[in-house]
Every structure is written in C-alpha cells, then in structure tokens.
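**Q** Dropping the structure in here first, questions after.
The values are calculated or read from the model by the stated rules, or taken from the named source; none is laboratory data. All values reported here derive from a predicted model rather than from experimental measurement. All Cβ positions, glycine included, derive from the backbone under ideal geometry; neighbour counts span all protein chains shown.
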Amino acid sequence: MTAAHDFKPLALCVLTVSDSRTPDTDTSGDYLAGALVDAGHALAGRALLPDDKYRLRAQVSQWIADDGVEGIIVTGGTGFTGRDSTPEALLPLLDKVMDGFGELFRAISFEEIGTSTLQSRAFAGLANGTFLFALPGSTSACRTGWEKIIRAQLDARTKPCNLANLRPRLKE
C-alpha cells in the first residue's frame with residue numbers, strides 16, 4: 001500500500017475551449033499537458049473544441065464516465081463574451097462545486113493582473129469522483145492555476161491535506 005506521503009500519479013485530461021486556436025497554436029493546452037506530465041501524472045486524453053456547450057458537455061461527460069480518468073483541466077471559455085460558455089456547459093455536470101478554487105484563483109490572479117481578474121469565471125468541482133478544474137484561456141492564467149494551486153493539490157505529498165489523498169473516498 002502506498003503511504004500518504006508518497007506521490008500518486010493521476011490520469012488527467014486536458015480540454016482547450018477555443019473558437020480560434022488550432023492544435024498548432026494551442027499554447028495553453030500544450031502548457032498544461034506538459035506541466036502535468038512533468039509533475040509525474042499521465043495525460044489520459046486531450047481535446048480542443050469550439051465554445052459550444054453541448055460539445056463541451058459531451059466530451060467532459062465521456063471523460064467523467066471513464067473510471068480511468070481521475071481529473072480534467074479545462075482552459076478557455078470562462079470569460080464574459082457571448083461565446084464563453086464553459087461554466088454554463090460544465091457546472092451542471094458537477095456533483096459538488098469546489099468554491100474555494102475560483103476564489104483562490106482570483107485572489108492570486110489579482111496580484112498578477114489587478115482588477116481584471118473579476119472577468120474570470122474560473123471554477124472547479126467533482127463529477128462522478130473526477131476532479132474538474134476550469135481555467136481562463138491564457139497561457140499565463142493556466143500557469144498560475146497549475147503552479148500555484150492545482151499541482152500541489154494533486155500531489156499526495158502536500159501537507160496538511162490535498163485532493164489526491166481524497167481519491168479513494170470520493171464515491172463514498
């Protein structure tokens with residue numbers, strides 16, 4: 001049995017939501033995929049979809065129904081433009097909302113971009129025992145979210161507690 005202080009690699013998926021990016025220009029998705037692998041996790045899936053709430057729901061639903069997927073990181077579609085639909089698409093899929101994630105992300109982001117952070121609708125939660133994190137589409141926002149919040153919480157060695165060690169109890 002793995003001790004609570006040992007690293008436990010997780011199978012994570014990355015979804016980029018964008019009407020303008022292509023696989024060749026998806027710097028945010030590239031950053032997240034590389035960062036999670038560099039941290040020791042497995043990239044279980046990756047997709048790039050336009051801002052279409054039904055396509056987003058379909059892709060994320062497929063991943064949360066897969067027992068092999070333990071977490072999903074979404075980048076993009078969290079702003080206020082008419083096409084930004086990530087929260088509307090994915091919040092209905094969550095069993096539990098992790099309110100502190102969005103609050104903490106915006107607090108950290110305030111130190112970097114000032115009051116512009118109020119335009120972020122970043123959020124996180126749990127769906128069918130799968131963690132879901134939704135970040136803004138900029139690569140710098142993805143770096144902030146990963147480096148200052150997500151990476152530590154998906155590392156079983158983070159004290160005093162972390163999300164990784166909750167995995168066995170998520171479906172109780």
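**Q** Among the residues of region 63-110 satisfying the criterion of being out of contact with any helix residue (DSSP H, G or I) (no Cβ under 9 Å at 6 or more places or on another chain) and part of a helix (DSSP H, G or I), which is nearest to A42 (Cα to Cα)? Spell out how you get there, then give the answer.
**A** Taking region 63-110 as the starting set, the residues that turn out to be out of contact with any helix residue (DSSP H, G or I) (no Cβ under 9 Å at 6 or more places or on another chain) are 63, 65-68, 81-84, 87, 91, 94-96, 98-100, 102-103.
Keeping just the survivors that are part of a helix (DSSP H, G or I) gives 63, 65, 87, 91, 99-100, 102-103.
Numbers: W63: 14, A65: 18, P87: 25, L91: 25, D99: 26, G100: 25, G102: 24, E103: 27 Å.
Ranking the qualifying residues of region 63-110, first place goes to W63.
**Q** Select from region 117-172 the residues that are more than 20 Å from G45 (Cα to Cα) and among the basic types (K, R) and write down the one among them that is modelled with the highest pLDDT.
**A** Looking at the filtered set, the residue picked out is K148.
**Q** Quick check on my filter: what residues within region 68-86 are surrounded by fewer than 20 Cβ atoms within 10 Å (Cβ to Cβ) and at pLDDT 95 or above?
**A** G68
**Q** Yes or no: region 51-69 includes at least one residue that is of a type in the set (G, A, S), touching a Lys or Arg at 6+ places or on another chain (Cβ under 6 Å) and within 19 Å of F123 (Cα to Cα). Outline the logic, then answer.
**A** Of the residues in region 51-69, the ones of a type in the set (G, A, S) are 58, 61, 65, 68.
Narrowing the set further to residues that are touching a Lys or Arg at 6+ places or on another chain (Cβ under 6 Å) leaves none.
No, region 51-69 contains no residue that is of a type in the set (G, A, S), touching a Lys or Arg at 6+ places or on another chain (Cβ under 6 Å) and within 19 Å of F123 (Cα to Cα).
**Q** Within region 10-66, which residues are under 19 Å from L94 (Cα atoms) and of a type in the set (G, A, S)?
**A** A11, A58, S61, A65 - these are the residues of region 10-66 that are under 19 Å from L94 (Cα atoms) and of a type in the set (G, A, S).
**Q** Sticking with this structure for a sec: For W63, work out the one condition from (1) surrounded by fewer than 19 Cβ atoms within 10 Å (Cβ to Cβ); (2) farther than 15 Å from T139 by Cα it doesn't fulfil.
**A** Answer for W63: the failing condition is (1).
**Q** Please enumerate the residues belonging to region 40-50 that are part of a loop (DSSP other than H, G, I, E, B) and surrounded by fewer than 21 Cβ atoms within 10 Å (Cβ to Cβ). Let's see the steps before the verdict.
**A** Just the residues of region 40-50 that are part of a loop (DSSP other than H, G, I, E, B), to begin with: 40-41, 50.
Residues satisfying the conditions are G40, P50.
**Q** Kindly provide the set of residues from region 106-133 that are under 19 Å from R167 (Cα atoms) and small (G, A, S), ordered by number.
**A** Listed by number, the residues that qualify are A124, G125, A127, G129.
**Q** Which count do you get for residues in region 15-39 that are under 19 Å from R167 (Cβ atoms) and buried (at least 19 other Cβ atoms within 10 Å of the Cβ)?
**A** Number of matching residues: 1.
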